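The block underneath contains the structure these notes are about, expressed in structure tokens.
The values are calculated or read from the model by the stated rules, or taken from the named source; none is laboratory data. Every value quoted in this text rests on a predicted model; they were computed, and no experiment measured them. Positions of Cβ are generated from backbone atoms using ideal geometry, with glycine treated the same way; all protein chains shown enter the neighbour counts. For the accessible areas, the whole protein counts, side chains as well, though only heavy atoms, and no ligand, DNA or RNA atoms are used. Shrake-Rupley method; radii C 1.70, N 1.55, O 1.52, S 1.80 Å.
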Amino acid sequence: MDICKKVKETAMQSGMWQADFINPEELVFYPEIREICKGNVCRNYGTSWACPPAVGTIGECKARVAQYKHFLLFSIKYEIENSFDLEGMQHAMISFKESVDGFDEKLKEMLPDYLLLSNEGCGRCRKCTYPDSPCRFPERLHHSIEGYGFNVYELSKVANIKYNNGANTVTFFGGLLFGRAGQ
């Protein structure tokens, strides 16, 4: 079976709602997205190994991404009570991260090398060791997809994945890069 098809099937078996490929050469890195990160609305900027500035500069992120020839964008849609259901959104975010972790475990069995991006922050530790000490769980660290400067709305359009899934829903996105370029 083709590795791309197998990876996509594994994503869906891991609980992803939608998933499709984007050519990594078409990815756009927006410094403006990083500026939004600096605004620290999510409160993760400068506090997590998964977010800027810990993930490196846009140039470093771009160089990391350029090492791979496949990019799978994936998402999960969650039902919430209403647009003010912060508890439901928090529960959905935790659930998404658990699904990404499950996907990661399956990927370890089939891919020798990959980069798995998740949604904002990490959340594994009560207090992240950044910037004073190394990450406690580097093998389980998933950088923020937005932290790389990606406009997730734009990516969803390119991959033909619904970004807005209607009233009383929240959708989280992640990305998988794999297959070393030039191999």
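Worth a mention:
- Computed over the chain, relative contact order equals 38 percent, with contacts defined as Cα pairs under 8 Å that lie 6+ residues apart.
- Kyte-Doolittle mean at least -1.0, axial Cα span of 24 Å or more - DSSP H helices of the chain: 86-110
- Rounded if a/c under 1.5, otherwise prolate or oblate - region 75-183, Cα gyration tensor axes: oblate
- Global geometry of region 3-78, whether rounded, prolate or oblate, following the gyration tensor of its Cα atoms and the 1.5 cut on a/c: oblate
- Spin-label proximity, residue 25 to region 53-95 - amide N less than 19 Å from point 7 Å beyond Cα toward beta carbon: 62-73
- Straight-distance candidates among the aspartates and glutamates for linking to residue 6, with alpha-carbon spacing under 19 Å and chain neighbours fewer than 8 residues away dropped: 20, 101, 104, 105, 109, 113.
- Summary of the geometry: region 146-176 and region 1-66, compared by the centres of their Cα atoms, lie 11 Å apart.
- Extension gain, residue 13 to residue 181, is 57.9 nm, computed as 0.36 nm per intervening residue step minus the present C-alpha separation.
- In terms of its alpha-carbon gyration tensor, the chain comes out rounded; the largest-to-smallest axis ratio a/c stays below the 1.5 threshold.
- Note on residue 62: lysines with a C-alpha under 19 Å away, same-chain residues under 8 apart excluded, are 38.
- Across 140, 126, the residue with the most accessible area heads the list, and the full order at a 1.4 Å probe is 126, 140.
- Accessible-area rank, largest first, for 49, 17: 17, 49, with all protein chains present and a 1.4 angstrom probe.
- Most fluctuating residue given options 53, 31, 134, as computed from a GNM of the chain linking Cα atoms under 10 Å: 134
- With a Förster radius of 22 Å applied to the beta-carbon distance between residue 168 and residue 126, the computed FRET efficiency rounds to 0.10.
- Sorted largest first by accessible area at a 1.4 angstrom probe radius, with every protein chain in place, the residues 68, 30, 163 fall in the order 163, 30, 68.
- Computed lengthening from residue 108 to residue 89, 0.36 nm per intervening residue step minus Cα-Cα distance: 4.0 nm
- Within a Gaussian network of the chain (alpha carbon springs, distance under 10 Å), most fluctuating of 156, 14, 83: 83
- The lysines whose alpha-carbon is closer than 16 Å to the alpha-carbon of residue 97, local same-chain residues fewer than 8 away aside, are 77, 106.
- Annotation: the antiparallel percentage among DSSP beta bridges lying fully within the chain is about 90.
- Per residue value of the accessible surface for region 103-183 (all protein chains in place, 1.4 Å probe), Å²: 53 Å²
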